[in-house]
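Reading through the structure tokens given below for one structure.
The values are calculated or read from the model by the stated rules, or taken from the named source; none is laboratory data. Because the structure is a prediction, the values reported are computed rather than measured. Neighbour counts run over all protein chains shown; Cβ positions are idealised from the backbone, glycine included. The protein model used for the area step is the full one, side chains on, heavy atoms only, and it has no ligands, DNA or RNA in it. Shrake-Rupley method; radii C 1.70, N 1.55, O 1.52, S 1.80 Å.
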Amino acid sequence: MSQTQTVPEGARKGTADAPGTADAPGAAAPAKNRWWILAIIGIAQLMVVLDATIVNIALPSAQADLGFTDGNRQWIVTAYALAFASLLLLGGRIADLFGRKPAFLIGVAGFAGASVLGGAANSFGMLVVARALQGVFGALLAPAALSLLNTTFTDAKERAKAFSVYGAIAGAGGALGLLLGGVLTDALDWRWTLYVNVVFAVAAFVGGWILLNNHRDAANSKLDLPGALLVSAGLFSVVYGFSNAETHDWGSALTWGFLVAGGVLLTVFAWWQTRAAHPLLPMRVLLDRTRGASFIAVLVTGAGMFGVFLFLTYYLQLNLGFSPTKTGVAFLPMMAALMVMAQVSTTILVPRIGPKTVIPAGFALAAVAMAWLTGIDVDSAFSTAVLPPLLLMGAGLGIVMPPAMALATSGVAAEDAGVASATVNTMQQVGGSIGTALLNTLAASAATSFLAGKDASDPLVRAQSSIESYTTAFWWSAGFFAAGALVTFLLFRRGVPEQDPDAAPVVHM
């Protein structure tokens, strides 16, 4: 059973914001800042999550402005995913070794700078480089933010509330990115989908500079360079291989070759971690049964969510004629349902029932929602064919994501908080990359099969082929969620996660 760390009340007051003793002068006052710290962390996380989708809606405008081809278009998204996913574990360990405050501040500032570079891009290459740099700094920022949250809130009830907010941002941020991207593209210019990050970054940087104190829980360890190279190269190869599946067939060496290489590198990495003196990802982080189930839940959620955001966006704009802004607004009910159920699941359901029932139930709701969406047609009405399953999807994801993210980082030693947090982000990013590649490939194959033997020049036939591609993606997403329900039901232990009264206190940052 994963153990949730507790801190005696007196000790919490004494260590609320920086390392110290219970009688440190003025130590009690900074404890009040923990909710402000949550706000700062939430702003930074929102900036990172938004960037995964906000640029998607702006891509057609950026393509027309910079003149790059349809074949190159995917690299605006893939460049970010490659850098982000492959460097997350390294970023998390750097935060543990050198301090979470500098990691957070450098990540925020670098992300903002890369966003400005992207907004000012005058060529395809410049935009791709900027997106890759966003991924690099995001890989430093995201695990630092989550580990700060993990070490700031040690009281069980407060921690549940904090993670419900964080999980809601992680789940709804993608949909909010679609909304904000549509509004900015329609009202201003596609470049503002990148410039807007500066607003978030300034607030996060100033708040972090004032409120956060630095602490290095793994200061006596050393950076595992062989492990960093192995896992970064392995994750890069896996994400790159799946990304190539969108433009090459699965038989291409650029697809299966990189996937095999990634698998080998990650296997060698796992072997090395059992022998390294200062492992990048200690096996104790992964081998806890509750945390392992939670990591899988985050991975599956990332893979299945793209069936909603990506293909439903296409359907609303290309088939129902929604504008980018209207498309973003259409996702708001889902966001509302997700945020409500995030609070319910983390503060009521999991503490009373336990994750073994709650998280599989959330996956089951999400699977039903995706299966429901397969009923769409070329002339379906949004209010009857899309809105109800969208609400159900939001509820399901709200039940799953926040408690899964909280349990994935609970009970870890303070010196492992950064790398555990990075593993959560890695699972979400790799899941999303795998989901994008698989669903795109399956959807394209379904459309091609439907058009075989039919008049492809007929607009109705082409429209129906699009519906066939969307519904195929929705069915597979439903399958992902159903598999997530089964696996998490088998792995999570019965009962409510226990608190260990002997666990070492985690110092508030």
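Mind listing just one residue for me: the one in region 241-254 that is part of a helix (DSSP H, G or I) and modelled with pLDDT of 80 or more and, of those, least open to solvent (accessible area, probe 1.4 Å)? Among those that are part of a helix (DSSP H, G or I) and modelled with pLDDT of 80 or more, it is Gly241. Annotation: Thr185 fulfils all but one of (1) open to solvent by 10 Å² or more (accessible area, probe 1.4 Å); (2) at pLDDT below 75; (3) within 26 Å of Leu439 (Cβ to Cβ); (4) over 21 Å from the mean Cα position of the chain (by Cα); the unmet one is (2). Residues that are open to solvent by less than 50 Å² (accessible area, probe 1.4 Å), among the aliphatic types (A, V, I, L, M) and at pLDDT below 80 within region 439-465 comprise just one, Ala456. Among the residues here, Thr436 does not qualify as open to solvent by less than 10 Å² (accessible area, probe 1.4 Å) and closer than 24 Å to Gly138 by Cβ. Summed over region 319-362, residues that are among the hydrophobic types (A, V, I, L, M, F, W, C), within 20 Å of Pro403 (Cα to Cα) and in contact (Cβ under 8 Å) with a residue 12 or more places away in the chain total 16.
You will find that of Val412, Val419, the residue that is within 30 Å of Trp75 (Cβ to Cβ), at pLDDT below 90, surrounded by 24 or more Cβ atoms within 10 Å (Cβ to Cβ) and not charged (D, E, K, R) is Val419 and no other. Within region 469-481, not a single residue is at pLDDT below 80 and under 20 Å from the mean Cα position of the chain (by Cα).
Within region 378-392, the set of residues being more than 16 Å from Phe311 (Cα to Cα) and of a type in the set (Ser, Thr, Tyr) comprises Ser383, Thr384.
For the criterion of being among the hydroxyl-bearing types (Ser, Thr, Tyr) and closer than 21 Å to Lys157 by Cα, Ser421 passes. Counting only residues that are over 19 Å from the mean Cα position of the chain (by Cα) and either outside any helix (DSSP H, G or I) or more than 20 Å from Gly67 (Cα to Cα) (or both), region 117-135 holds 4 of them. Just a yes or no: is a residue in region 410-432 of a type outside the set (Lys, Arg) and touching a His at 6+ places or on another chain (Cβ under 9 Å)? The answer is yes, given that some residue of region 410-432 is of a type outside the set (Lys, Arg) and touching a His at 6+ places or on another chain (Cβ under 9 Å). Modelled with pLDDT of 75 or more, touching a helix residue (DSSP H, G or I) at 6+ places or on another chain (Cβ under 7 Å), in a helix (DSSP H, G or I) and within 30 Å of Ser243 (Cβ to Cβ), is that true of Ile37? When the stated conditions are applied, Ile37 does not pass them. In region 297-307, the condition of being within 21 Å of the chain's Cα centre (by Cα), part of a helix (DSSP H, G or I), surrounded by fewer than 24 Cβ atoms within 10 Å (Cβ to Cβ) and among the β-branched types (Val, Ile, Thr) is met by no residue. Residue pairs whose Cβ atoms lie under 9 Å apart, sitting 6 or more positions apart in sequence or on different chains, and linking a residue in region 363-392 that is part of a loop (DSSP other than H, G, I, E, B) to a partner that is open to solvent by 50 Å² or more (accessible area, probe 1.4 Å) and of a type in the set (A, V, I, L, M, F, W, C), are Thr374/Trp475; Val378/Leu460. Residue pairs whose Cβ atoms lie under 9 Å apart, separated by 6 or more positions or on different chains, with the first residue in region 179-202 and of a type in the set (Asp, Glu) and the second surrounded by 20 or more Cβ atoms within 10 Å (Cβ to Cβ), are Asp186/Pro324; Asp189/Ala58. Of everything in region 258-274 that is open to solvent by less than 50 Å² (accessible area, probe 1.4 Å) and over 21 Å from Val285 (Cβ atoms), the residue that is modelled with the lowest pLDDT is Leu259.
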